[in-house]
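Colleague: Got a structure for you, questions after.
The values are calculated or read from the model by the stated rules, or taken from the named source; none is laboratory data. All values derive from a computational prediction rather than experimental measurement. Using ideal geometry, Cβ is built from the backbone for each residue, glycine included, and neighbour counts are taken over all protein chains shown.
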Amino acid sequence: MTQGPVRRRRSPTHPFAGPVRRGSTQILIVLALANLVSYAARNALFAVYPDLRARFGINNAQIGLLTTVFMVPHAAATLPFGWLGDRYDRRRVIIAGIVLASLAGAAGTLSHSYGGLAASRACVGLGTAVIVPVANSILAQIFEGPHKAARLSIFNLGLFLGGVAGFAAGIALGFPAVVIAIAAPGLVIAALIAALPVPAHREPPPEVSPWRYLLELSTRFAGEARVLLRIRTLRWVMLSTTAMAFAAGGYNAWLKEFLTRDKHMSDAAATSLLTLALCGGLAGILAGGWIADRLRARLINGRLWTVVIGMTLTIPSVILSIELPDSMALYASGVATLFFISWYHAPMAASVDDLAPHGRHVAAQGLVIFTMHMVGTASSSWVLGMVSEQTSLYTAMWVPTGMLGFAALCMAMATTGFAADHARARATEPGGA
């Protein structure tokens, strides 16, 4: 799987117009499938809380802590995987993560203790961390240009399709069968990735031995983070996406429980609502990418404004979803919530790539995803579980709703300095001004 150097160019002729360009659709599809399986593995337990209570004798706070246990190594691993992805064959990096997640997930079904289940979830989180930052860098490199966000939105369809698959498999199979059913396809996808015509890095990666890499890892990460955190716009994007991740993670973990316990919906009705809402999310991902690219053609910071608009429109939709009883209006508000909240995925990834200095594109994606998940997603499920134990699940659902408003405000601040930071990043490219 040796790769020759391929350099990025800004010209009407795409730099991967040869075999890689012809294989770009294949790369996009396979990486989207990897993303799908990753998110199915993350969501697999959200629909089986009664099974977990029966088998392990745990409460809401302990159930919520499982997501924290998953997300902490998941977030922590994005930085090492980002560093590896900037320097080594990106296929091998992704394959290693997928295989680890698949085997660890299957092994977790053998445990009859809460600690064993938590250890399994931690390893699944660690393995799945590789996919988004490294895949984003591959796709941003292949599809560089005016349609980058639209192409990345197709990759992010795997997020919501995986969410649907995880919920549906959990309801249909229960625990532990659902974990095995999701682990198996990961090994097939790993084999498909090995055969992909993934382009080389924008410049040849340096020769670094594994032992030297281990010794230098911590200092290199600190240096990469210091460089990236000097970018003002990137700091606002990180703050916004972290708040957004907290909100999305809280809703994702507890929405089905809220529908069945507080709105007294049956499992079938709650599943129908979530399925329709997730379909709205799929449409939102595509709409967000399409709108972002068109706003970008008019405004240098148009992609970030797409995120601001989507976050802002989510707030009234989610308030209605919390307050409305089981009715057609609730279904409509649920679809609207997922539609607008999903706008940010592709524009955010494309904007982070636009802000990254030369040679730090994967590291920038990894740093943003690290903060999103370590601070935002990792804590959200546990925090909402604790609040629900002390008050009610209804009260807990207002916590992420407040975070949505904060996320929109921070992203609006990010738009103010994007043009200058984008120009400075492009000046670091070979041949840049």
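Colleague: Any idea how many residues of the range 254-287 are under 16 Å from residue 170 (Cβ atoms), among the aliphatic types (A, V, I, L, M) and at pLDDT below 85?
Modeller: Selection size over the range 254-287: 4.
Colleague: I'd like the full set of residues that are in contact (Cβ under 8 Å) with a residue 40 or more places away in the chain and among the basic types (Lys, Arg), limited to the range 249-303.
Modeller: Of everything in the range 249-303, those that are in contact (Cβ under 8 Å) with a residue 40 or more places away in the chain and among the basic types (Lys, Arg) turn out to be 256, 261, 263, 296, 303.
Colleague: Only one of (1) out of contact with any helix residue (DSSP H, G or I) (no Cβ under 9 Å at 6 or more places or on another chain); (2) farther than 28 Å from residue 403 by Cα; (3) modelled with pLDDT under 90; (4) assigned to a helix (DSSP H, G or I) fails for residue 226. Which number is that?
Modeller: The one condition residue 226 does not meet is (2).
Colleague: Ok, one more. Identify, please: which residue in the range 130-160 is at negative phi, among the small types (Gly, Ala, Ser) and at pLDDT below 85 and is, among those, surrounded by the fewest Cβ atoms within 10 Å (Cβ to Cβ)?
Modeller: 150
Colleague: Could you list all residues from the range 89-103 that are surrounded by fewer than 23 Cβ atoms within 10 Å (Cβ to Cβ) and touching a residue at least 60 places away in the same chain (Cβ under 8 Å)?
Modeller: Passing the criteria: 89, 91, 92, 95, 99, 103.
Colleague: Looking at the range 110-125, is at least one residue buried (at least 24 other Cβ atoms within 10 Å of the Cβ) and under 15 Å from the mean Cα position of the chain (by Cα)?
Modeller: Yes, some residue in the range 110-125 is buried (at least 24 other Cβ atoms within 10 Å of the Cβ) and under 15 Å from the mean Cα position of the chain (by Cα).
Colleague: Does residue 47 satisfy being surrounded by 24 or more Cβ atoms within 10 Å (Cβ to Cβ) and on the phi < 0 side of the Ramachandran plot? Explain how you work it out, then say what you get.
Modeller: Numbers: surrounded by 24 or more Cβ atoms within 10 Å (Cβ to Cβ): yes; on the phi < 0 side of the Ramachandran plot: yes.
Criteria met by residue 47.
Colleague: Modelled with pLDDT of 80 or more, in a helix (DSSP H, G or I), under 27 Å from residue 354 (Cβ atoms) and not small (Gly, Ala, Ser): is that true of residue 220 in this structure?
Modeller: Judged against the criteria, residue 220 is not a match.
Colleague: In the range 200-211, is there at least one residue being modelled with pLDDT of 90 or more, closer than 30 Å to residue 24 by Cβ, crowded, with 21+ Cβ neighbours inside 10 Å and touching a helix residue (DSSP H, G or I) at 6+ places or on another chain (Cβ under 8 Å)?
Modeller: Within the range 200-211 (the criterion being modelled with pLDDT of 90 or more, closer than 30 Å to residue 24 by Cβ, crowded, with 21+ Cβ neighbours inside 10 Å and touching a helix residue (DSSP H, G or I) at 6+ places or on another chain (Cβ under 8 Å)), the answer is no, since none of the residues qualifies.
Colleague: Follow-up. Of the residues 330, 313, 338, only one is in a helix (DSSP H, G or I), touching a residue at least 60 places away in the same chain (Cβ under 8 Å) and closer than 18 Å to residue 246 by Cα; which?
Modeller: 338
Colleague: Looking at this structure, is residue 163 in a helix (DSSP H, G or I), of a type outside the set (S, T, N, Q) and crowded, with 20+ Cβ neighbours inside 10 Å?
Modeller: Working: in a helix (DSSP H, G or I): yes; of a type outside the set (S, T, N, Q): yes; crowded, with 20+ Cβ neighbours inside 10 Å: yes.
Yes; evaluated as a whole, the condition is true for this residue.
Colleague: What number of residues in the range 54-88 are buried (at least 21 other Cβ atoms within 10 Å of the Cβ) and of a type in the set (Gly, Ala, Ser)?
Modeller: 5
Colleague: Given (1) farther than 23 Å from residue 61 by Cβ; (2) out of contact with any Phe, Trp or Tyr (no Cβ under 8 Å at 6 or more places or on another chain), where does residue 241 come up short, assuming only one miss?
Modeller: (2)
Colleague: Which residues, counting only those in the range 385-420, are over 18 Å from residue 249 (Cβ atoms) and crowded, with 21+ Cβ neighbours inside 10 Å?
Modeller: Answer for the range 385-420, where residues must be over 18 Å from residue 249 (Cβ atoms) and crowded, with 21+ Cβ neighbours inside 10 Å: 414, 415, 418.
Colleague: Next question, about the same structure. Of all the helices (runs of 4 or more DSSP H) wholly in the range 345-412, which have at least 2 residues that are closer than 17 Å to residue 322 by Cβ, hydroxyl-bearing (Ser, Thr, Tyr) and touching a residue at least 12 places away in the same chain (Cβ under 8 Å)?
Modeller: 378-390
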